[in-house]
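To start, the structure itself, in structure tokens.
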Amino acid sequence: MKRKEVLSRREFLQLSASVGMVAALGRFNSTKAAAAIRGAAPVQDYKALVCLFMFGGNDGHNMVVPLGGPQYSAYTAARGAIAMPTNQLLSINDPVQGQFALHYGLPEVQALYNQGQAAVVSNVGVLVRPTSFQDFQANNQLPTNLRSHADQVVLMQTGFPNASGSTGWGGRAADAMAPSNTSATFPVSVSVSGSAIFCSGVTVQPASLQPGNFLDQDAMSIYPPEAAAARALAQQQIIAPNGGNSIIQAANSVTAAALKLNPILKGTTGAPSFKTAFPQTTLGSQLFAIANLISLRSQLGVGRQVFFCSLGGFDTHAGESFQQWDLLQQLSQAVSAFYNATVEMGVSSDVTTFTMSDFGRTLQPSGSGSDHGWGNHHLVIGGAVNGGRIYGKFPLMTNYANFNSTNDDYADNRGVMLPNSALSQYGATLARWFGATDPQLDAVFPTLANFPVRDLGFMQ
């Protein structure tokens, strides 16, 4: 009887990751050729953007807490049972806005902040243009489907607040930096957390890579070695001829590219070992994989890279106290190890890690959790960050306690933050550091021209 072959879940995920990586490679040469046609000379420096997406909608209200007397009192009154007590807060200071604190799950981030390698960007959200409380009440040029997980995840990654899109702002930033990658032999936009529209550009195609998957071909691991060599030679002979069929040739090109990529990926196992141990968590594994790829930057000929990693579980409608602590400590340990690895590689000022999330959450609790909001606070980490600062206008808790239509800190009486800084401003600040020019920034973020401030100042 013929044996029925069944893929395990692990095998299926590895296969899916391989297909994503190989598909990107099949289109990679066209990207490289397009840059060469433009006649751009490769830039000799290196920079990488690492997006850490917090899926579910992280509660920024408990991640960054104001400690000023009346502000903290108003915070505890509004948050009720989910308010963070002072013995669970890690003090940080902003030279302009005063005393704040980070959630006690973030001690490593606190250390980076106090050392000047991390900053907080407060009250960021998708916006079409500067938006007031009256605009919100009148539904005047608001982003599409606010507070919907599915929609806001896409908007945050595409950078299009009121339109659909098939590309992400990370991929478009990589498009803008094509002259830096004319010698690249590896995809310049990589997700280590499944498919991510953030990494898709107009010409740059993303690669989806599962940490630890090197695109090995099991069918080539046969005995004796002579048989394996003969099989490999036969494969090369099959994919080499060009019979004029464009579909077959495209498939053969993908296979050929994958064969070239396999030893490069396997080479990451021989990358320099890091003194700092990465945590054995999902996010730790993702950032370890990114660090290994960065260590091969010279070998791969890349000048600019975009990476995407993620951590899920932030949709804390209930049980928030433990759940957010558990997730934030994973984040803190992983990003700290990653930063230390960039220091060891001598690229700490060339690699910037930043957070994004679906949206923020309501200041007012919902039982033991909180509900979907809008604006949110984010972390930016790296040697090129103007750290030890809180950027943007942090919403006053006392304005929520005296909520009325004359203040623009909150969109409603549940404590949904009305964003003071737009995603386009947040992203443009990062993309400018990445090397994009002003005209390129307008192409990456079509609504950026609606905002008087284009650079929020948190990057050197």
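A few points about this structure:
- Count of lysine pairs in the chain with Cα separation under 29 Å (8 or more residues apart, or interchain): 8
- For the chain, radius of gyration divided by Kirkwood radius, i.e. Rg to Rh on alpha-carbons: 1.01
- Charge dipole (Cα centre; +1 on Lys/Arg Cβ, -1 on Asp/Glu Cβ; no other charges) of the chain amounts to roughly 980 debye.
- Taking label positions 7 Å along the Cα-Cβ direction at both S246 and S164, the computed distance is 2.5 nm, reported to one decimal.
- Axis angle, to the nearest 10 degrees, between helix 149-158 and the longest C-alpha principal axis of the chain: 70 degrees.
- As a rough guide to protection, the peptides 392-399, 118-125, 404-411 ranked by mean Cβ packing within 10 Å, highest first, stand as 118-125, 392-399, 404-411.
- The spacing between the stretch 98-154 and the stretch 389-418, judged by their C-alpha centroids, is 12 Å.
- Relative contact order of the stretch 323-424, defined on C-alpha pairs under 8 angstrom at six or more residues apart (%): 25 percent
- Close amide H contacts of S366 (hydrogens built in the peptide plane, cut-off under 5 Å, sequence separation of 5 or more or a different chain): D371.
- Local electrostatic count at Y46 - Lys and Arg +1, Asp and Glu -1, tallied over other residues with Cβ under 12 Å: +1
- Charge tally in the Cβ shell below 10 Å around N376, where Lys, Arg are +1 and Asp, Glu are -1, N376 excluded: -1
- Using alpha-carbon coordinates, inclination of helix 69-79 to the longest axis of the chain, degrees: 70 degrees
- The C-alpha atoms of the chain define a longest principal axis, and helix 282-295 lies at about 60 degrees to it.
- Along its principal axes, the stretch 306-459 has C-alpha extents of 46, 38, 25 angstrom, given from the largest down.
- Entry note, the chain: relative contact order of 30 percent, from Cα contacts under 8 Å with a spacing of 6+ residues.
- Burial ranking of peptide ranges 289-300, 310-321 (average Cβ count within 10 Å, highest at the top): 289-300, 310-321
- By the Kirkwood approach, averaging reciprocal distances over each pair of separate Cα atoms, the stretch 263-359 gets a hydrodynamic radius of 14.7 Å.
- Given charges at beta-carbon only (K, R positive; D, E negative), |dipole| of the stretch 269-367 in Debye: 300 debye
Readers should treat all values here as calculations from the given coordinates under stated rules, not as data from a laboratory. What you see is a predicted model, and the numbers here were worked out from it, not measured in a lab. In this analysis, Cβ positions are derived from the backbone assuming ideal geometry, glycine residues included, and neighbour counts consider all displayed protein chains.
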